[in-house]
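Have a look at the structure below, then the notes.
The values are calculated or read from the model by the stated rules, or taken from the named source; none is laboratory data. This structure is a prediction, so every number in the text was calculated from the model and none was measured. Note that each Cβ is placed from the backbone with ideal geometry, even for glycine, and that neighbours are counted across all protein chains shown. Accessible surface areas use protein heavy atoms only, side chains included; no ligands, DNA or RNA. Shrake-Rupley method; radii C 1.70, N 1.55, O 1.52, S 1.80 Å.
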Amino acid sequence: MIQPITLSEWAEFDLRHPAPTFFARPAWASALAYAYPHLRPHPVRVDIGPSSVLVPLMQTSGGRLGWRELVGMPLGTYTCALREDGTLASAHEFEAAVTAIARTCDALTLVPWPLGPIPTGFSARRTTHETAVIDVSHG
């Protein structure tokens, strides 16, 4: 089951369990919605077996044909799926959520956070993105 959640519910979740990438957080979604009026935050909770995952998405206005296009996240920025406890969903959970979401819309564009699990069976339009990471955790 897929259940949209409100921006305030997402913000409350984010206070307890911030996503590891800024682009999968409500502040980024709000900034995008402010800068691009055709976008609006559309985070969803997807039940996968006994648990559920939160998938941060944006919805486009649909244009003249009223299509329902979901993007995670626009401008080539990243998204990730989070379990109820705030940990990253496994690749299997993320893939199951993405597959379920794709069945409910006309188009789904997803740019998975490259440092997290990536759904392998997601077949859709893909744009290659490249990311460089420097680990400075040890000073």
*Would you call residue 116 open to solvent by 30 Å² or more (accessible area, probe 1.4 Å), modelled with pLDDT under 90 and over 18 Å from residue 5 (Cβ atoms)?*
no
_Against the conditions (1) within 19 Å of residue 111 (Cβ to Cβ); (2) open to solvent by 40 Å² or more (accessible area, probe 1.4 Å); (3) of a type outside the set (A, V, I, L, M), where does residue 79 fall short? Just the number, please._
(2)
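Specify the residue that is nearest to residue 84 (Cα to Cα); the eligible residues are those in segment 6-27 that are part of a loop (DSSP other than H, G, I, E, B) and open to solvent by 40 Å² or more (accessible area, probe 1.4 Å).
17
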_Positions within segment 49-66 being surrounded by fewer than 21 Cβ atoms within 10 Å (Cβ to Cβ) and either in a loop (DSSP other than H, G, I, E, B) or aliphatic (A, V, I, L, M) (or both), in sequence order_ = 49, 50, 61, 62, 63, 64, 65, 66
*How many residues does segment 28-43 contain that are more than 12 Å from residue 77 (Cβ to Cβ) and in a helix (DSSP H, G or I)?*
4
*Got at least one residue in segment 43-51 being in contact with an Asp or Glu (Cβ under 6 Å, 6 or more places away or on another chain), farther than 18 Å from residue 114 by Cα and not charged (D, E, K, R)?*
yes
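What number of residues in segment 90-120 are assigned to a loop (DSSP other than H, G, I, E, B), in contact with a helix residue (DSSP H, G or I) (Cβ under 9 Å, 6 or more places away or on another chain) and touching a residue at least 40 places away in the same chain (Cβ under 8 Å)?
Looking only at that region, the number is 2.
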